[in-house]
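Taking it in order: structure first as structure tokens, then the write-up.
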Amino acid sequence: MMGVEDLEDHKKLSILRSQLKGITVKETMMAEFPTVDPEDKVSEALSKMRASGFQEIPIIEGGNYAGMISYGTILRKGNIAPDTKVKNLVRNLPTVALDTEMTKIAEHIVANNCRQLAVLNGKKVIGVVSRSGLTKVAAGMKILKDIKVYEIMTAPVESVTKSGMLDDAMEIMRRLDVRTVPVVGADGAPVGIVGMNEIIDNHWKTDTKSFGDFKKSAKAQISIDGVYASAVVTIDWDETMGSAAALMEERGISTLPVVEGKEMVGIITEYDIVELISASRERESLFVQLSGLDEEDKMYADSMYADIEAGMSRVSKMYKPESLIIHISRYNEEGGRKKYSLTAKLFIHGTVVNAKEVGWDIVKVNNDLMRKLGQLVTAMKDSTVTLRKRKR
């Protein structure tokens, strides 16, 4: 039988959705933003990203919107030279109109794992909406005071040590498609963050010709200890998401290591807050996003979606799933074979269930991931000792 607390959880996303309805794009967007021309060099785009903090910049051709250039694209390709033309790296992201709902914008950002989207009036870019803008909106939502950090945080967390090298952080960023990585001390406690700015600053000062060259060179062996942002801001595991959003907005940061005492037990980012907003969108069916599926693996998509549908059908007998985000990364290629790592975030009643599986067969890994999610949801339902009860 559904308890009172379960019923309250079920209402949280509906309340968040209703509180977002009065927020307009015009209130949220930034009217001042950097742009690049298709003929500009990638080094010029990176310089503007570093100066502005933007990771997606509108490309303007003849006064009209022509797409975006994304830091993530540059990082993933690896062999991009600084003098490569921007027109060779156009990313066709969704655009936003002045009447687009906040939940739809969040859904676009989640589905495309991006940080900025262009706001168009006709073919002209009139503004940019971003993760940080949505986080600022979320910071003012009363319902976030009823959602705990431990319900939304990602755990476990991949991190680098102070004694590690910058290319270790770059590898995690590539593999997980993230832009910040926590730095920990010898005791495992968070001491800082290494991110996009540190990578750009320390890569483009070298005389290497591409990210690929940088990764292979001795100059990639830059100690994290000398470059990471050491003014780390953390949040306690049982604080509210309202506090987390307000802290990000106040400090102008996108990442908060989550701690219990001195131990890092998870991480909260602007992306998690945007996912929460996206999950509140009213839909007739479950929102499922496979992120990171490359062209040669798309032949397996139908089988994967079939397993996802079967797995979520089993979950729905216990709780109503709101959205499922699966990130796919590849590594350890051997003899033409790729090892897959699939990480899932399942939103259920305002709570996130995290799971991860690794293996050589992407369909089997996906199937195992669905089985694990089912087991975790069952354990969550049947457990008599929950985190919520732990606080009593």
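The values are calculated or read from the model by the stated rules, or taken from the named source; none is laboratory data. Only a predicted model underlies this, so the values are computations on that prediction, with no experimental measurement involved. Cβ atoms come from the backbone with ideal geometry, glycine included; neighbour counts cover every protein chain shown. Quick note on the areas: whole protein, heavy atoms, side chains included, nothing else; ligands and nucleic acids left out. Shrake-Rupley method; radii C 1.70, N 1.55, O 1.52, S 1.80 Å.
Some points to look at:
- For L16, the test of being crowded, with 20+ Cβ neighbours inside 10 Å and either of a type in the set (K, R) or modelled with pLDDT under 85 (or both) is passed.
- Total residues in the stretch 159-173, condition open to solvent by 60 Å² or more (accessible area, probe 1.4 Å) and without any contact (Cβ under 8 Å) to a residue 60 or more places away in the chain: 2
- Scanning the stretch 24-66 for residues that are closer than 19 Å to T84 by Cβ, open to solvent by 50 Å² or more (accessible area, probe 1.4 Å) and assigned to a strand (DSSP E or B) turns up K41, E61.
- Count of residues meeting criterion [more than 12 Å from V157 (Cβ to Cβ) and either in contact with a Leu (Cβ under 9 Å, 6 or more places away or on another chain) or open to solvent by 30 Å² or more (accessible area, probe 1.4 Å) (or both)] in the stretch 178-192: 4
- Some residue of the stretch 117-125 being closer than 24 Å to I172 by Cα, in contact (Cβ under 8 Å) with a residue 40 or more places away in the chain and either hydroxyl-bearing (S, T, Y) or open to solvent by less than 10 Å² (accessible area, probe 1.4 Å) (or both): no
- One residue stands out in the stretch 286-301 among those that are crowded, with 17+ Cβ neighbours inside 10 Å, under 18 Å from the mean Cα position of the chain (by Cα) and touching a residue at least 40 places away in the same chain (Cβ under 8 Å): the one that is farthest from E171 (Cα to Cα), namely F287.
- One residue stands out among those in the stretch 231-249 that are touching a residue at least 40 places away in the same chain (Cβ under 8 Å) and not in a helix (DSSP H, G or I): the one that is most open to solvent (accessible area, probe 1.4 Å), which is E239.
- Screening the candidates M312, M304 for the property of being assigned to a helix (DSSP H, G or I), in contact with a strand residue (DSSP E or B) (Cβ under 6 Å, 6 or more places away or on another chain) and either open to solvent by less than 30 Å² (accessible area, probe 1.4 Å) or not acidic (D, E) (or both) yields one hit, M312.
- Matching residues, the stretch 243-265, being at pLDDT 90 or above and small (G, A, S): S243, A244, A245, A246
- Sole residue being in a loop (DSSP other than H, G, I, E, B) and either of a type in the set (A, V, I, L, M) or out of contact with any Gly (no Cβ under 6 Å at 6 or more places or on another chain) (or both), chosen from V157, V110: V157
- Residue within the stretch 324-333 that is open to solvent by 40 Å² or more (accessible area, probe 1.4 Å), at pLDDT below 80 and of a type in the set (F, W, Y) present: yes
- Residue list for the stretch 76-99, restricted to those being at pLDDT below 90 and either closer than 19 Å to L117 by Cβ or not hydrophobic (A, V, I, L, M, F, W, C) (or both): R76, K77, G78, N79, P82, D83
- Comparison of I105, I69, I80, I74 shows that the only residue that is touching a helix residue (DSSP H, G or I) at 6+ places or on another chain (Cβ under 9 Å), under 30 Å from D167 (Cβ atoms) and either assigned to a helix (DSSP H, G or I) or open to solvent by 20 Å² or more (accessible area, probe 1.4 Å) (or both) is I74.
- Number of the exception - K145 against (1) over 23 Å from G292 (Cβ atoms); (2) open to solvent by less than 10 Å² (accessible area, probe 1.4 Å): (2)
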